[in-house]
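Structure first, commentary second.
A short reminder: the numbers here are calculations on the coordinates, not readings from a lab. Bear in mind that the values here come from a model prediction, so they are computed numbers and not experimental data. Counting neighbours? That spans all protein chains shown, and the Cβs are built from the backbone with ideal geometry, glycine included.
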Ligand code: DGY
């Protein structure tokens, strides 16, 4: 699909993206925009090299693509100066290789914070109250009357929510769970972020002033403290060498038998084989997963586990957010091409 065929700058988007704002921005700024309409979901390096062609000023790409040295070399050879991931995470992008080939890299933080946190909260509630299991039970025609034991789950109020990685998304999720459900909070963050501290302190004062029962909170000095103490644990770190398989056989064994684990970050943060085994051994342990180690696949057995809720990487999938991500990705690429600041550069 080609927009503004006579535009001076050739920009390629490897996927169609929601909304029209991003398209208008590019064509108003004299870009010829080519949107790949290839039906297959995941493009290979060869597919993308073909899209880049002989002349290409910038590319908007997706987290399913492997943006390493080969692609940045091809883009640079075609005269390209800009690449933006349509995602906040950029573990699929080799930023050093991009720097080496003189290609600026952008990502799309901010617009997906609340949407992603809302999915983590939804999965937490769905797991605690066994909503997906109960829905399947109804649809299977198995409900034959109210029973005191039917789908008894956990009350979140008064339980402890644990957050690993208290950046933008982790902090927004913590706020939702503390403010919305009066959960106590324990969190661990490598980057000494003070976002949450400010919120919980002010919220504690508010509860006190209103004569309400206070919530407790603490900043843990290690991740294992969170795993041991929390009832619901949500993972929000970036994926890098240090967070690969952060949750593994050993760390799972330290968690409460009835804990809930939520992952809306990146699949490889959790050792999925160990997780399946843990779910089998501990039927009261529950997980809500938005991401998987080898997307689009799940490790054998995961799909059969009643104590697992699995959704297909949809944490940022609200209309407002996806349109915002597309717009930021276009702004990133335009910034470099037109010489104004790249909207968001993960190097900064
Ligand atoms: C991201 O942006 O990194 C999410 O995984 C997809 O929205």
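In percent, what relative contact order does the chain have, based on Cα pairs under 8 Å that are 6 or more apart in sequence?
Worked out over the chain, it gives 19 percent.
Between residue 96 and residue 150, with labels modelled 7 Å along Cα→Cβ, what's the label distance in nm to one decimal, could you check?
5.9
In whole Å, how far is the Cα centre of region 8-79 from that of region 215-269?
36
Name the shape class, rounded, prolate or oblate, that the alpha-carbon gyration tensor gives for region 1-62, where a ≥ b ≥ c are the square roots of its eigenvalues, rounded holds for a/c under 1.5, and otherwise prolate holds if a/b is larger than b/c and oblate otherwise. Spell out each step's value before the answer.
Values: a/c = 2.30, a/b = 1.36, b/c = 1.70.
Oblate shape, in that a/c is at least 1.5 and b/c is the bigger or equal ratio.
Could you work out how far the C-alpha centroid of region 149-182 sits from that of region 289-331, in angstrom?
Answer, in whole Å: 20.
I want to check the label-to-label distance for residue 257 and residue 224. Put each point 7 Å from Cα in the C-beta direction and report it in nm to one decimal.
According to this spin-label approximation, the distance is 2.2 nm.
Dividing the Cα radius of gyration by the Kirkwood radius, what Rg/Rh value follows for region 21-144? Show your work: numbers first, answer last.
Details: Rg = 20.2 Å, Rh = 17.3 Å.
Rg divided by Rh gives 1.17.
From the P(r) of the chain, can you give the percent of Cα pairs sitting at distances over 35 Å? Show your work: numbers first, answer last.
Working: 19032 of 60378 pairs.
Here the long-distance tail beyond 35 Å is 32 percent of all Cα pairs in the chain.
With a 10 Å radius around each residue's Cβ, average the other Cβ atoms per peptide and rank 266-273, 179-186, 151-158, highest first. Please report the intermediate quantities before stating the final value.
Working: 266-273: 21.2, 179-186: 19.5, 151-158: 13.9.
So the peptides 266-273, 179-186, 151-158, ranked by packing, come out 266-273, 179-186, 151-158.
Let a ≥ b ≥ c be the square roots of the eigenvalues of the Cα gyration tensor of region 113-310; is it rounded (a/c under 1.5), or, if not, prolate (a/b larger than b/c) or oblate? It would help to have the intermediate numbers written out before the result.
On the way: a/c = 1.94, a/b = 1.20, b/c = 1.62.
Here region 113-310 falls in the oblate category.
Quick one: what Rg and Dmax do you get for region 154-236 from the alpha carbons, in Å?
11.7, 34
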